[in-house]
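Chemist: Quick one: structure below, then a few questions.
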Amino acid sequence: MPGVSTLAKQTIDVPRHIAIIMDGNGRWAKRRLMPRVAGHRKGVEALRGVIRACAERGVSHLTVFAFSSENWRRPQEEVTLLMELFMRALENEVARLHENDIRFRVIGDLSGFSARIQALIRDAETLTRDNTRLTFTVAANYGGRWDIVQAVKKLIAAGAAAEDVDETALAQQLSMAEAPEPDLFIRTGGEQRVSNFLLWQLAYTELYFTDALWPDFDAVALDQAIASYRSRERRFGRTSEQVRPVS
Ligand code: IPE
Ligand code: IPE
Ligand code: MG
């Protein structure tokens, strides 16, 4: 039955959830003697391609780091331009996401954004909430430590006693509570660090680092990352013999 084997292959081969740190926009622009914002613009285009590629490959969750809680430390001019770009992307891209049955979410401390951006985010989330093909989440003004702290605050506010607090209870309050933990983490741009991205959720994620700068990252590069993921043995603390299927 070809149908069944295709399905089985897909479940094994394709990560359910891919999380990406899109890094290297500034260097991409610098190499071309262009302003950094040109790299960010090109980065939005690359993201469009990667969203499409993920949907086509049957990935069910894609989460990208667009702006960290530490990125406010950049020069004011770059922060302003990034905010404008974020707003334009929200205005121009959401309809296309919706047409493609993609659910859009933003995680992070939204209070740091303008009222206009907050409204666009709310509208986009409402519009796309019932879409099922792919859940596309943007982490904006996000920090993994912030996420854990806000989860603890919610538990306290709900009146949780110390004995009620366990990993499951805490995980349920995190921003990505409804998504499976990432199977594959990709960071472009050559740095090999997590930069305060999904700290809790990355505990058992397969990590993949590439020197490719984000604006150059395309479907071929995504397939290379997925191929690397497929070659890994995910043991979750067990031995190789325990997790290998008996042949
Ligand atoms: C990533 O590219 C995008 C954001 C952090 C907003 P960078 O802007 O960090 O690019 P590099 O690392 O300077 O090349
Ligand atoms: C991390 O990129 C955050 C995003 C891609 C949005 P940075 O380029 O800001 O990371 P660091 O500070 O160099 O680690
Ligand atoms: Mg960077």
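Chemist: Take Glu125 and tell me if it is open to solvent by 90 Å² or more (accessible area, probe 1.4 Å), assigned to a helix (DSSP H, G or I) and among the acidic types (Asp, Glu).
Modeler: For Glu125, the condition - open to solvent by 90 Å² or more (accessible area, probe 1.4 Å), assigned to a helix (DSSP H, G or I) and among the acidic types (Asp, Glu) - is not met.
Chemist: Do you know which residues across the stretch 160-202 are within 23 Å of Asp223 (Cα to Cα) and either touching an Asp or Glu at 6+ places or on another chain (Cβ under 9 Å) or modelled with pLDDT under 95 (or both)?
Modeler: Pro182, Asp183, Leu184, Phe185, Arg187, Thr188, Gly189, Gly190, Glu191, Leu198, Gln201, Leu202
Chemist: Name the one entry in Thr132, Thr168, Thr137, Thr128 that is in contact with a Ser or Thr (Cβ under 7 Å, 6 or more places away or on another chain) and either basic (Lys, Arg) or under 22 Å from Arg16 (Cα atoms) (or both).
Modeler: Thr137
Chemist: Restricting the search to the stretch 59-76, which residues are in contact (Cβ under 8 Å) with a residue 12 or more places away in the chain and either away from ligand 3 (no atom under 16 Å from the Cβ) or touching a strand residue (DSSP E or B) at 6+ places or on another chain (Cβ under 6 Å) (or both)?
Modeler: Val59, Ser60, His61, Leu62, Thr63, Val64, Phe65, Ala66, Phe67, Ser69, listed by residue number.
Chemist: Picking from Thr132, Thr137, which residue would you name as being surrounded by fewer than 19 Cβ atoms within 10 Å (Cβ to Cβ), of a type in the set (S, T, N, Q) and under 19 Å from Ala179 (Cα atoms)?
Modeler: Within the list Thr132, Thr137, the selection yields Thr132.
Chemist: Taking the condition more than 16 Å from ligand 1 (Cβ to nearest atom) and either closer than 19 Å to Pro15 by Cα or among the acidic types (Asp, Glu) (or both), does Asp147 pass?
Modeler: yes
Chemist: Quick check: anything in the stretch 99-116 away from ligand 3 (no atom under 16 Å from the Cβ), closer than 24 Å to Phe209 by Cβ and either surrounded by 15 or more Cβ atoms within 10 Å (Cβ to Cβ) or among the polar types (S, T, N, Q) (or both)?
Modeler: Yes: one or more hits.
Chemist: On to the next question. Across the stretch 22-37, which residue is nearest to ligand 3 (Cβ to nearest atom) among those that are among the hydrophobic types (A, V, I, L, M, F, W, C) and more than 19 Å from Asp211 (Cα to Cα)?
Modeler: That would be Val37.
Chemist: Hey, another quick one. Go through the stretch 27-62 and report how many residues are open to solvent by less than 10 Å² (accessible area, probe 1.4 Å) and within 12 Å of ligand 2 (Cβ to nearest atom).
Modeler: 2
Chemist: Can you tell me which residue is farthest from ligand 1 (Cβ to nearest atom) among those in the stretch 157-192 that are open to solvent by less than 40 Å² (accessible area, probe 1.4 Å) and part of a helix (DSSP H, G or I)?
Modeler: Selected residue: Ala169.
Chemist: Report, by residue number, each residue of the stretch 200-236 that is open to solvent by less than 70 Å² (accessible area, probe 1.4 Å) and part of a loop (DSSP other than H, G, I, E, B).
Modeler: Scanning the stretch 200-236 gives Thr205, Thr210, Ala212, Leu213, Phe217, Glu233, Arg234.
Chemist: Taking only the stretch 192-218 into account, find how many residues are closer than 28 Å to Glu178 by Cβ and among the small types (Gly, Ala, Ser).
Modeler: Counting residues in the stretch 192-218 that are closer than 28 Å to Glu178 by Cβ and among the small types (Gly, Ala, Ser) gives 2.
The values are calculated or read from the model by the stated rules, or taken from the named source; none is laboratory data. Model, not experiment: these values are computed from the prediction. Cβ: placed from backbone, ideal geometry, glycine included. Neighbour counts: every protein chain shown. Heads up: the accessible areas ignore ligands, DNA and RNA and are worked out on the full protein's heavy atoms, side chains in. Shrake-Rupley method; radii C 1.70, N 1.55, O 1.52, S 1.80 Å.
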